[in-house]
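Notes follow once the structure below has been shown.
Any read-out appearing in this document is the output of simple, stated calculations on the displayed coordinates, not a laboratory observation. From a predicted model like this one, the values you see are computed outputs, not experimental measurements. As a convention, Cβ positions derive from the backbone with ideal geometry for all residues, glycine included, and neighbour counts pool all protein chains shown.
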């Protein structure tokens, strides 16, 4: 029978130095250097392994979600640091001028805004209550 003692996820990037700078300086997260890449220490005790891949292709879906208490403050703070928020079509509710899809007001999920890391991986900040 399969019995894991711990689990983690991983993503690739095309430049590990740019990724480390973004995740530590822009997002304020801690990292651990590892032999094959970078360990990103996530809020709440999780961990994400980031590795450099020469033929990296960014995922076309959200690879990491950051739950926040106040999405407006989170988006404003990231915008001040130069983060640009993505716009997506086809939602039952539109994103506002900040790029936030307001799902809570319409009882259709969380308030969420998407952005990309330097390698093009899609991340989000979301407020679910």
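I'm told residue 40 meets every condition in (1) part of a helix (DSSP H, G or I); (2) at negative phi; (3) touching a strand residue (DSSP E or B) at 6+ places or on another chain (Cβ under 9 Å) except one. Can you identify the failing condition by its number?
Only one criterion is unmet by residue 40, namely (1).
Of the residues 98, 94, 105, which single one is touching a residue at least 24 places away in the same chain (Cβ under 8 Å) and either touching a strand residue (DSSP E or B) at 6+ places or on another chain (Cβ under 8 Å) or surrounded by fewer than 20 Cβ atoms within 10 Å (Cβ to Cβ) (or both)?
Details: 94 fails: touching a residue at least 24 places away in the same chain (Cβ under 8 Å); 105 fails: touching a residue at least 24 places away in the same chain (Cβ under 8 Å).
Only one candidate passes the filter, namely 98.
Matching residues to (1) assigned to a loop (DSSP other than H, G, I, E, B); (2) free of Cβ contacts under 8 Å to residues at least 12 places away in the same chain:
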site: 4; (1), (2): yes, yes
site: 12; (1), (2): no, no
site: 56; (1), (2): yes, no
site: 59; (1), (2): yes, no
site: 64; (1), (2): no, no
site: 79; (1), (2): no, no
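Run down 74, 19 and say which single residue is closer than 14 Å to residue 126 by Cα, in contact with a strand residue (DSSP E or B) (Cβ under 7 Å, 6 or more places away or on another chain) and either outside any strand (DSSP E or B) or free of Cβ contacts under 8 Å to residues at least 24 places away in the same chain (or both).
Of 74, 19, the one residue that is closer than 14 Å to residue 126 by Cα, in contact with a strand residue (DSSP E or B) (Cβ under 7 Å, 6 or more places away or on another chain) and either outside any strand (DSSP E or B) or free of Cβ contacts under 8 Å to residues at least 24 places away in the same chain (or both) is 74.
Whether any residue in the stretch 110-124 is farther than 23 Å from residue 19 by Cα and either without any contact (Cβ under 8 Å) to a residue 12 or more places away in the chain or assigned to a loop (DSSP other than H, G, I, E, B) (or both) is what I want to check. Quick ask: steps written out before the conclusion?
Filtering the stretch 110-124 for residues farther than 23 Å from residue 19 by Cα gives 110-111.
The next check asks that each one be either without any contact (Cβ under 8 Å) to a residue 12 or more places away in the chain or assigned to a loop (DSSP other than H, G, I, E, B) (or both); those that pass are 110.
Checked the stretch 110-124: at least one residue is farther than 23 Å from residue 19 by Cα and either without any contact (Cβ under 8 Å) to a residue 12 or more places away in the chain or assigned to a loop (DSSP other than H, G, I, E, B) (or both).
Any idea which residue in the stretch 97-109 is farthest from the chain's Cα centre (by Cα), counting only those that are part of a loop (DSSP other than H, G, I, E, B) and within 14 Å of residue 126 (Cα to Cα)?
Checked the stretch 97-109; the qualifying residue farthest from the chain's Cα centre (by Cα) is 105.
Out of the stretch 22-36, which residues are in contact with a strand residue (DSSP E or B) (Cβ under 8 Å, 6 or more places away or on another chain), surrounded by fewer than 16 Cβ atoms within 10 Å (Cβ to Cβ) and assigned to a loop (DSSP other than H, G, I, E, B)?
Correct list: 36 only.
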